[in-house]
Amino acid sequence: MKEKIVVVGAGQAAAQLALSLRQEGWQGGIMIIGEEALLPYHRPPLSKSYLSGEMEAHELPIRPLEFYQKQDIDVKLNTSVVSIQRADKIVRTQQGESIPYTKLCLSTGTRARKLKGVEGEGLEGVYYLRTAQDLDNIKNNLQAPNKVVIIGGGYIGLETAASLTKKSCEVTILEAGDRVLQRVTSPVMSDFFSDLHRQNGVTIHTQITIERFLSEESKVRAVQLSDDRLIEADCVIIGVGVEVNDQLAKDAQLETNNGIVVNQYCQTKDPEIFSIGDCTWHYNPLYQCWLRLESVQNANDQAKIAAKAMVSKEDLSMYNYNSLPWFWSDQYNVKLQIAGLSNDYDDLKVEGDISTQDFNVSYYRQGKLIAVDAINQPRRFMQAKKAIIESLNGS
């Protein structure tokens, strides 16, 4: 049998892995198996330029079909893998196929977290936001001016709000926490983005509990809060975080812990099974902690390391995964670039002018620079990445 690497999941990480495998000299077969109907595509634009209409569907794929054909990469879409038979090195699909592998990579990503116990969650006009199909459903049912309620004040919720204001929608954000972006950044940044959205006509309510969705002829018409207030809605978009897709790994008795546990080479406890991207629980030597990251940078970097480890016949120690996390968010005319992780900071410093949307926030822990949020300051962002690595390494 011809050697074959099978990749379960068809997102950013899978696309990069396939390319990197060929670049590393892998001559065997490569198969990518994805549940969605689309080739691997860019997810970050979904809540930004794709929702606003500035980006078309044909621009979403990371690479065209011709790339996969030319590189002899088999992309199997609309297919779900339901089990891994590690002893026989076979994956089984929902369609009843048995697909053998030489090496296997799980890039199963995440799924939208569901609201629990909220009456009316299944009404027409209530949407979760995760896939391109989710966005198409939303776009097809928007008629300006629409009253749109967004549940969740994280980056996805805020980006969605910014995009919908460009479509002349009347937008309200409902956030359970004390402030937007509460779980990911400082009060300084939360206040800045709250002010930015309010200046653009968005209404924000915090410390909110959803009681139920009210309907008219099976279509959502309002959101009822626990204090009995009603927020009118022609459309409700739910963005309250994600859950990791690690059940396949659990069923195969691979180690999991808020994701699929991998070593510095992106290997699971089974040396023939790797995992990359949003679904992995991995150790970051810079921050000296275990974490799971939802970012394009992490997906690409892990894919490159995994490809080297899968193909190399040499000592793997030279391929340790040791990257500084970084992220970005586009809202209105503001570009936020985040270098590092600000978790558990004990001090911060603001540089620049918040009122002109030209500033940055540096985060420190025990005197060490650990992260920087840069608003419309690409040069500071680039400098910060180097400075954070030097700080964490003690140089």
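The values are calculated or read from the model by the stated rules, or taken from the named source; none is laboratory data. Since the structure is predicted, the reported quantities are computational estimates derived from the model, not experimental observations. Positions of Cβ are backbone-derived with ideal geometry, glycine not excepted, and every protein chain shown enters the neighbour counts. The accessibility values were calculated without ligands, DNA or RNA, using every heavy atom of the protein model including side chains. Shrake-Rupley method; radii C 1.70, N 1.55, O 1.52, S 1.80 Å.
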Enumeration of residues in region 164-179 that are part of a helix (DSSP H, G or I) and either aliphatic (A, V, I, L, M) or open to solvent by less than 10 Å² (accessible area, probe 1.4 Å) (or both) = LEU164
State all residues of region 214-239 that are among the hydrophobic types (A, V, I, L, M, F, W, C), surrounded by fewer than 21 Cβ atoms within 10 Å (Cβ to Cβ) and either touching a Lys or Arg at 6+ places or on another chain (Cβ under 6 Å) or at pLDDT below 95 (or both); if no residue qualifies, say none.
-> LEU214
Please indicate, with yes or no, whether at least one residue in region 243-256 is part of a strand (DSSP E or B) and open to solvent by less than 30 Å² (accessible area, probe 1.4 Å).
-> yes
Restricting region 98-122 to residues that are of a type in the set (A, V, I, L, M) and modelled with pLDDT of 95 or more, which is nearest to the chain's Cα centre (by Cα)?
-> ALA112
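Each row is one residue, and each column tells you yes or no for (1) part of a helix (DSSP H, G or I); (2) open to solvent by less than 20 Å² (accessible area, probe 1.4 Å); (3) within 27 Å of ASP134 (Cβ to Cβ).
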residue: VAL6; (1), (2), (3): no, yes, yes
residue: ALA10; (1), (2), (3): no, no, yes
residue: LEU19; (1), (2), (3): yes, no, yes
residue: GLU54; (1), (2), (3): no, no, yes
residue: GLN69; (1), (2), (3): yes, no, no
Do you know which residues across region 123-148 are under 29 Å from ASP251 (Cα atoms) and out of contact with any helix residue (DSSP H, G or I) (no Cβ under 7 Å at 6 or more places or on another chain)?
-> ARG130, THR131, GLN133, ASP134
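Taking region 180-195 as the region of interest, how many residues are surrounded by 19 or more Cβ atoms within 10 Å (Cβ to Cβ) and in a helix (DSSP H, G or I)?
Residues that pass the stated criteria total 5.
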Taking ASN322 as the residue in question, decide whether it is polar (S, T, N, Q), outside any helix (DSSP H, G or I) and surrounded by fewer than 16 Cβ atoms within 10 Å (Cβ to Cβ).
-> yes
If you check ILE208, ILE173, which single one turns out to be touching a residue at least 24 places away in the same chain (Cβ under 8 Å) and under 23 Å from the mean Cα position of the chain (by Cα)?
-> ILE173
